[in-house]
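These notes concern the structure reproduced below.
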Amino acid sequence: MAVNRAAIVDANFSEAVSELHAGPRRTDLDAPVRENSALSARLALEIFESQLTSRHLDLVSRELKVQNQSFYTIGSAGHESNAAVAAALQPTDMAFLHYRSGPFFVQRARQVPNQTPILDVLLGMVAAADEPIAGGRHKVIGSKDLCIPPQTSTIASQLPKAVGTALSLDRTQRIGSASNSPEDAIVVCSFGDASANHSTATGAINTACWTAHQRLPVPLLFVCEDNGIGISVSTPGEWIESAYSHRPELQYIQADGLDMAAAYDAAVDAIDHVRETRQPAFLHLKLVRLLGHAGSDVEQLYHSTEQIEAAEARDPLLQSARMLIEEGWMSPEEVIHLYEEIRERCRSLGQEATRRPKLTTAEEVVAVQAPITADAIQEECARSVSPQDRESFWEGRLPESDRPRHLAMQLNRALGDLLVKYPQSIIFGEDVGKKGGVYHVTADLTRRSGLGRVFNTLLDEQSILGMAIGAGHAGLLPIPEIQYLAYLHNAEDQLRGEAASLQFFSKGQYQNPMVVRIASYAYQKGFGGHFHNDNSVAVLRDIPGLVIASPSRGDDAVASLRTCMAAAAVDGAVCAFLEPIALYMTKDLYEPGDGLWSTAYETESEHVAIGSARTWGEGEDLTIVSWANGLWMSLRVAKRLEDTHGIRCRVVDLRWLNPLPAEDVLREAQATGKVLLVDETRKTGGVSEGLYALLVDAGFDGEMARVAAHDSFIPLGDAANLMLVQEPDIEAAALKICGKGS
Ligand SMILES: Cc1ncc(C[n+]2csc(CCOP(=O)(O)OP(=O)(O)O)c2C)c(N)n1
Ligand SMILES: [Mg+2]
């Protein structure tokens, strides 16, 4: 049986403190806690109490675990000096924190009235439904009042959004949008030494430096809490200083994180630098990890007893106690008394926490996931824009006065109008500025609205999505662009683990609205290969609460883009907007020159409710269900089926891939009793799987068939067509289901 190191660390503290000798008593609490420190004794005593509190929370979580009451035992023991970092910050400085930030949390709670941090942390450990931030959905460190968005378990995934928030703080002021932070606010993020190696971290830090290099404001403090290990893997000696002490534009400050006063002084220096220069700093705190990685971690498996004891001897709590006692601010008895008093407080609140109700129904769990308030969204869509503002944006040439145009052009105009309608909106991505994007969808928007609102980013999709999340935190309405669907995969956790989960893990108290535009799908003629013709959306469709729009035509695209923006503004929705590249410039439908795929620009376009489909035709023989490129092909096939075979179809354009338009699909399926699903994504994990399930679940008892792309990457040149759904495939499947084919 493993030795209970928590009990040993606990006993060591009292024993060691009782052996300390108090210096001459001092009472001037405004004096520095010791010579040459800016930390006052008053603040040091507060920080010490926060440190003790966090330690007891760690101990109580393990006691509760033994009673099967706690579900979380990752603690902060050894990292207690992060309380000193909190003390050096303002409580309005948004904090994206490492999971060992219990002391920071408790300390910050002192700076804000009416807080109950001990109970809140314990409620999180026991997964109580009335835990204030996540409501029992996860043990997170977070609080709306304390400006600490909840953090998920994925290490380093908070860094891109911390960078994004920092970049957005000053941008908000620059574009004249209302800010939700004080003018001199900064952002702080913390992470472990092993996490510092994650590409998410290195990418985010690089983005901060790249931005600062251009003398743009990046008021961000990185705090690396270096305990020398990640679970069981040691960080090579001096690695963090080697990697980060000489980065361009990054002020590096190191401190002994076991020494509260040293940590505080270094934090003050770093924070002053960030606040005054609006440039980033890297605070490197060297500390230890006590009590193993988590309660379940048996440290004896990879560390000798001597190593474990050596770390325990460096307990920062002891060092704080020693300083306060030797400097004459407390006696050993007072420290032990305080330690025991806090233990009792934590224990009794722990018992109270276990009596609180848990989440008991599935409805309760998902209630906060991603609300779609259809009426409010419709109303927001209908809210009109000042005609003068539009006149001036479009320089007198209003888009509606132009002839019908293709999808790319109408999207450009819709984006322009959204920039006018939402002064807090920003558009960014690789090449979206002067070039106007690879497909010119954002052409001329930088010139019309200014560099503050439509701008190029560096080439890093994680940073782009992190920027979007951060912009949302700062009160902006971001419209990031991912250049190709295949490249979303480089960054999908920022959507999946971060953006889409924020409302869930904060009971909707935090939102990161966004509309991510992605140039998508295959069928580009003469260009591409797999990565420019990626046709898989499985990775998006399984993200709970993510709204996915995927229009095919200019008119639907304009209307659904407006709906997405309204949903983002009203409900904080996270929306993916998948634009079919191959249809960007398509003007015709049935034959060259017919102009039937060009659409007029409507200023008051009909609102497209999220999850509502559009049906083309009223044929009674067959229902074809499709979207995007599949819609364009299906409409052409439907015409041939009627002209050549007398088969009359109705063709349903899904327009939304999440939520799927279940009611519309079922109604149209029942109208003919025969359904052909035309799915340009893959057979496995493709949209038609969801559609089949939807129809079967609803009890549809007609005939069903589908055509879908092969389970393959897309090859170059004409061979691509071998993998992708083609019109003859659709026609053959339609004839077969109608009893006319082979
Ligand atoms: C992306 C990711 N990979 C793996 C893990 C599993 N994991 C959790 S903590 C951890 C080690 C982190 O070490 P460090 O950053 O030094 O922080 P410390 O626990 O030492 O404070 C690992 C590998 C994770 N949470 N996220
Ligand atoms: Mg570590």
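If I stretch the segment between Q67 and R640 completely, what's the gain in nm (0.36 nm per residue apart, minus their alpha carbon distance), one decimal?
Taking 0.36 nm per residue and subtracting the Cα distance, the gain is 199.2 nm.
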For the chain, with only Lys/Arg (+1) and Asp/Glu (-1) charged at the beta-carbon, what is the dipole magnitude about the Cα centre, in debye rounded to 20? 1140 debye
The set of cysteines in the chain having no other cysteine's C-beta under 4.7 Å reads C147, C189, C209, C224, C346, C381, C649, C738
Test of understanding: what is the full-extension gain from L216 to A693, defined as 0.36 nm times their sequence separation minus their Cα-Cα distance? 166.7 nm
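State the three equivalent ellipsoid semi-axes of segment 18-117, derived from the C-alpha gyration tensor as the square roots of 5 times its eigenvalues, in descending order and whole Å. Let's see the in-between values first.
Details: eigenvalues 147, 70, 25 Å².
The equivalent ellipsoid of segment 18-117 has semi-axes of 27, 19, 11 Å.
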For segment 122-221, listing trypsin sites (Lys or Arg not before Pro) in a DSSP loop whose Cβ sees at most 12 other Cβ atoms within 10 Å gives R215
Let me know the charge dipole size of segment 162-275 about its Cα centre in debye, to the nearest 20, where only the beta-carbon of Lys, Arg (+1) and Asp, Glu (-1) is charged. 640 debye
Around R496, under 15 Å between beta carbons, what's the net of Lys plus Arg minus Asp minus Glu among the other residues? -3
To the nearest 0.05, how large is the calculated FRET efficiency for D30 and Q111 if R₀ is 25 Å and r is the Cβ-Cβ distance? 0.90
In deg cm²/dmol, rounded to 500, what helix-only [θ] at 222 nm does the chain give when every DSSP H run of at least 4 residues adds -39500 (n - 2.57) and the total is split over its residues? -12500 deg cm²/dmol
Karplus-derived HN-Hα couplings along segment 384-400 (A = 6.51, B = -1.76, C = 1.60, θ = phi - 60°), whole Hz, x at Gly and Pro: 8, 10, 4, x, 5, 4, 5, 3, 6, 4, 8, 6, x, 10, 5, x, 5
Could you derive backbone 3J(HN,Hα) for segment 215-224 from the dihedral phi with the Karplus parameters 6.51, -1.76 and 1.60 (θ = phi - 60°), listing whole Hz in sequence and x where the residue is Gly or Pro? 6, 8, x, 9, x, 9, 9, 8, 10, 9
Excluding E238 itself, what net charge comes from residues whose Cβ is under 13 Å from its Cβ, given Lys and Arg +1 and Asp and Glu -1? -2
Electrostatic dipole magnitude of segment 447-546 [Cβ: Lys, Arg +1; Asp, Glu -1; Cα centre; debye, to 20]: 460 debye
Additional length obtainable on full extension of the chain from K434 to K683, 0.36 nm per residue less Cα span: 85.8 nm
Quick one: Cα convex hull volume of the chain, Å³ per residue? 174 Å³
For segment 268-406, what does the convex hull of the Cα positions come to per residue, in cubic angstrom? 395 Å³
Of the candidates G257, P551, A267, the farthest towards the positive dipole end of the chain (Lys/Arg Cβ +1, Asp/Glu Cβ -1, centred on the Cα centre) is P551
Could I have the simple spin-label model distance between D402 and Q670, label points 7 Å from Cα toward Cβ, reported in nm to one decimal? 4.3 nm
Would you work out the Kirkwood radius for segment 114-202? I mean one over the mean of 1/r across all pairs of different Cα atoms, in Å. 14.9 Å
Net charge of neighbours whose Cβ lies under 13 Å from the Cβ of R25, counting Lys and Arg as +1 and Asp and Glu as -1: -4
Diffusion coefficient in µm²/s returned for segment 483-632 by Stokes-Einstein, Kirkwood Rh over C-alpha pairs, 37 °C and 0.692 mPa s, is 195 µm²/s
Pseudo-spin-label distance A294 to L459, built 7 Å along Cα→Cβ, given in nm, is 3.8 nm
For D444 paired with Q369, estimate the spin-label separation in nm (one decimal), with each label point 7 Å from Cα along the Cα-to-Cβ line. 4.2 nm
Scoring the chain by relative contact order with C-alpha pairs under 8 Å, at least six apart, yields a percentage of 12 percent
Given the candidates F531, L583, T599, the one whose Cα lies deepest towards the positive end of the charge dipole of segment 530-613, counting +1 at each Lys or Arg C-beta and -1 at each Asp or Glu C-beta, is F531
Using 1/(1 + (r/R0)^6) with R0 = 60 angstrom and r between the beta carbons of S392 and E15, what's the FRET efficiency to the nearest 0.05? 0.20
I need to check one value: relative contact order of segment 657-710, counting alpha carbon pairs closer than 8 Å and at least 6 residues apart, in percent. 46 percent
Förster radius 45 Å - calculated FRET efficiency between E326 and R174 (Cβ-Cβ, nearest 0.05): 0.35
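Read the figures in this text as sums done on the coordinates, not as results from a lab. Please read all numbers here as calculations on a predicted model, not as lab measurements. Because the Cβ atoms are built from the backbone with ideal geometry, glycine has one as well, and the counts that use them run over all protein chains shown.
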